[in-house]
1. Rg and Dmax of the range 362-433 over Cα atoms: what are they, in angstrom?
2. ³J(HN,Hα) across the range 102-118 via Karplus (A = 6.51, B = -1.76, C = 1.60, θ = phi - 60°), whole Hz, x for Gly/Pro?
3. Quickly rank 359-367, 391-399, 319-327 as a protection proxy: mean count of other C-beta atoms within 10 Å, highest first.
4. Full-extension gain between residue 351 and residue 128, please, as 0.36 nm times their residue separation minus the C-alpha to C-alpha distance.
5. Whole-Hz ³J(HN,Hα) for each residue in the range 442-454, computed from phi via Karplus 6.51 cos²θ - 1.76 cosθ + 1.60 with θ = phi - 60°, x for glycine and proline: what do you get?
6. Per residue of the range 197-213, in order, report the coupling 6.51 cos²θ - 1.76 cosθ + 1.60 (Karplus, θ = phi - 60°) as ³J(HN,Hα) in whole Hz, putting x for Gly and Pro.
7. Take the Cβ-Cβ distance between residue 94 and residue 365 as r, set R0 to 41 Å, and report the resulting FRET efficiency rounded to the nearest 0.05.
8. Regarding the range 181-308, what is the average projected area of its C-alpha convex hull, in nm²?
Amino acid sequence: MRAKPHPAAAEPDVSTHAPRGRTTARSLTGEDPHLRAAYRLCHRITRVHDPGIHALFQLMPAALRPACWALWAAASVLDDLADQRDVDSTEREARVEAWTQALERDLAARISTDQVRHALVDTALRWRLDLPHLQGAVSSTLDEVRDRRFADWAEWRGWCEALVPWVDQVRHLFERAGAPMTLRLDRQRDYKQFIDGAQLTDVLTDLSTDLAQGLLLLPREALDPFPDAEDDLRHRRWSPAVAALIAELTSLARQWVTRPAMTTGMHPGAANMLDTAACLLRAQLDAVDAAGPALLKRTPRLSVVTRTRIFAPARLRAGLAWSLTPLTVPEPRRPAVSAHVPRPAADHTALRTSPPHPEGARPPQIPADQMPAHVAVIMDGNGRWAQQRGLPRPEGHHAGTAAVHEIVCGALDIGLRHLTLYAFSTENWKRDTGEIITILEAIRRDLDEGPLRDLDVRQRWLGHPDKLPTELVQALQRAERRTRNRIGLTLTMCINYGGRDEITRTAAALARAAQAGDIDPHLISEDDFARHLPHPDMPDVDLLWRTGNEQRTSNFLPWHATYAELHFTPGYWPDIDRRDLWQAITEYSRRQRRHGAAPLAITRDDASALPSR
């Protein structure tokens, strides 16, 4: 794993005083000398291993810095374990795995004899971070141990995403402190491209070091247009092909890190940090360009003048922004009495199996080739269910939450891979304010406290943050981060979602890509459009089911549901349980899907063998 977007950028020679007072290890840890020493070590590791990152952390509120030191020191330790070239790859891989397994044990014990892990465990418990979802980043570290190579940019980007969990933990700190680094949903692509640009800058900066170790962390798709460039690089020869390749890649990285719209609407302190990171990256790319043949012999460094020019005004902006921001900082924890008394930590509960149906019902056996991959549900009838019983309409939404739990359990029982639920549409804002508040608060509470937290369910959100309560947006983002590595079922909640709105925003993203030169507008295909959807990996809907005795699709997933089988049932949503899902899937399995093709001719014997409808 390369958790250092710009390691060559040394810390600037400007004042390091915190915007709202200097943070010390003592102020964070109380009177625990062991914990204080652990944080000091993490500070030292971050400053030496990643001086550019350390300088950026100085732009954060002082109270958040020690947690960032702990996170980045852990990333650096793993990076060093993977990078010990005097040790064979099998042993390096074993050391990385041993360190991460020890971290799991330390989290359970709430203490560690290793100083870096001790600080990391304290940070995780104090700020309620979800460390298990860093497993993807650890996997990438192991890939680097194995000297991974990339066929194309898509594969390379998958490797780059290993940095995202570490960055997400920093974003989570801002959120916990009350200054969320909120990214607009329609700017997620900008965020990902910024990460890609940071990683590409890192690869170009570390080119001489990597080549000396036999590594070339560039995709073949980038190398192929420049014949002989790969061979010249591996032999550390500066040639016209290498010069042209480097010029092309620095231009591409500069384009990726220049994403000014990414910070639109963000807290000014957080926006200042990201804008400064972009300036630092562009300066580092200028240094790569200016290095010429020396790039293959040594790491390009930024001058003191350049560093000061970037960081001095950024420090002033940070001081003003954070001085006006009240922050919520957790109190120091009491020292653990013993490392041998494991106690469960928040957010680290082992996954459990879904509870059985109350009446012992079992799912039907559906052949794999007749199972839908993706079922989408319009959960209709909550309000009418309540009115039918003489209750206020909001009571129906509370009752509907139990039906959601049932359907998710039923999906896990039968082996469904994707389930998408229409929870709140862009048209639902027309309802009574009290009902809207009830719906959104029920969703938020269920995300943070509901029983789905501990199931093998990857939770995702499809919709737009405009007008949604900040607390709900944060809860949705927390759930996505917490469950990103789960594989049992992908549950997508459509909240503040509209199908036409999704298509309009996707068209706008395509237009921006065309304007940036990333795509030829004359050659745009359906695949290009699908790649710019909010969740491009979401499969087409096989079965669209609506409850509540209505027969329309209501602006729900128009792109994905073009060829969906439709299934309408009269019951109101709160009365639904997992058997209704199983019945819908059974009905689906009996249908012949042709997607525009002519029906197959079948014999009388074949017809008699078909399931009855």
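Rule-based calculations on the coordinates, nothing more; no lab input. These numbers were taken from a predicted model, which means no experiment stands behind them. Using ideal geometry, Cβ is built from the backbone for each residue, glycine included, and neighbour counts are taken over all protein chains shown.
1. 15.2, 46
2. Values, residue by residue: 5, 4, 4, 5, 5, 4, 5, 7, 6, 6, 8, 7, 8, 5, 5, 5, 4 Hz.
3. Numbers: 359-367: 11.0, 391-399: 18.8, 319-327: 15.3.
Peptide ranking by packing, descending: 391-399, 319-327, 359-367.
4. Between residue 351 and residue 128, full extension yields 78.5 nm more.
5. Here the 3J(HN,Hα) series is 5, 5, 4, 4, 5, 4, 7, 10, x, x, 6, 4, 9 Hz.
6. x, 4, 5, 5, 4, 4, 4, 5, 5, 8, 4, 5, 5, 5, 4, 5, 9
7. Details: r = 42 Å, r/R0 = 1.03.
So the FRET efficiency works out to roughly 0.45.
8. Working: hull surface 33.8 nm².
That works out to 8.4 nm².
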